[in-house]
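Novice: If you scroll down you'll find the structure; I have some questions about it.
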Amino acid sequence: MNPDPNVGSHRPLHRLIICTTCRREGSPVDAPSDGGRLHDKVQALFAASPDRRGFVVTGVECMSGCNRSCTVALAAPGKPSYLFGGLPPSDETAVDSLALAIQYRNSADGDLARRSRPSSFRRGILAKIPAAFAS
């Protein structure tokens, strides 16, 4: 049996995307980036989670939210994409990131009402991008 919960799945793949180069103002340049630290925390939680079905955690270099770091995004086929910023690289943000990804995956239409989102994500939304139109 393949341990990857996404292999062989016919469900749309949901992505939790974290900028690995985000560096909050005042962070030492010679220290690991804040975004990289957040990504590592989320990745460790994801690896230990029993509920990884249907989504992946991805790190990318620069999502152009430099003035609002750390930035986190969600994307999936047929659902709106979200971009959040101004997030600290804390344990709470990491836990909330994973909870948000599960909530997004479980939402049929991808809608993440503000009050229903984990506390770290009730603010700091930079964009909600409508799902792409079918051709």
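Novice: Among residues belonging to segment 108-135 that are of a type in the set (S, T, N, Q) and either under 18 Å from Val42 (Cα atoms) or at pLDDT 95 or above (or both), point out the one that is surrounded by the fewest Cβ atoms within 10 Å (Cβ to Cβ). Give the steps one after another, and end with the answer.
Specialist: Residues of segment 108-135 that are of a type in the set (S, T, N, Q), as a first pass: 116, 119-120, 135.
Checking which are either under 18 Å from Val42 (Cα atoms) or at pLDDT 95 or above (or both) leaves us with 116, 119-120.
On the way: Ser116: 12, Ser119: 10, Ser120: 21.
Once the filter is applied, the top-ranked residue is Ser119.
Novice: Still on this structure, I have one more. Give me the residue from segment 91-113 that is without any contact (Cβ under 8 Å) to a residue 24 or more places away in the chain and in a loop (DSSP other than H, G, I, E, B) and, out of that set, farthest from Glu25 (Cα to Cα).
Specialist: Ala108
Novice: While we're on this one: Taking only segment 26-75 into account, find how many residues are in contact with a His (Cβ under 7 Å, 6 or more places away or on another chain) and over 18 Å from Val95 (Cβ atoms).
Specialist: Number of matching residues: 1.
Novice: Could you tell me which of the residues Ala127, Ala73 is part of a strand (DSSP E or B), under 14 Å from the mean Cα position of the chain (by Cα), more than 20 Å from Leu13 (Cβ to Cβ) and without any contact (Cβ under 8 Å) to a residue 60 or more places away in the chain?
Specialist: On the way: Ala73 fails: more than 20 Å from Leu13 (Cβ to Cβ).
Step by step, each of Ala127, Ala73 is checked, and only Ala127 is part of a strand (DSSP E or B), under 14 Å from the mean Cα position of the chain (by Cα), more than 20 Å from Leu13 (Cβ to Cβ) and without any contact (Cβ under 8 Å) to a residue 60 or more places away in the chain.
Novice: Quick check, is Asn2 surrounded by fewer than 13 Cβ atoms within 10 Å (Cβ to Cβ), part of a helix (DSSP H, G or I) and at pLDDT below 90?
Specialist: Working: surrounded by fewer than 13 Cβ atoms within 10 Å (Cβ to Cβ): yes; part of a helix (DSSP H, G or I): no; at pLDDT below 90: yes.
It is false that Asn2 is surrounded by fewer than 13 Cβ atoms within 10 Å (Cβ to Cβ), part of a helix (DSSP H, G or I) and at pLDDT below 90.
The values are calculated or read from the model by the stated rules, or taken from the named source; none is laboratory data. Here the structure is a predicted model, which is why all the values come from computation and not from measurement. Ideal geometry is used to build each Cβ from the backbone, glycine not excepted, and the neighbour counts take in all protein chains shown.
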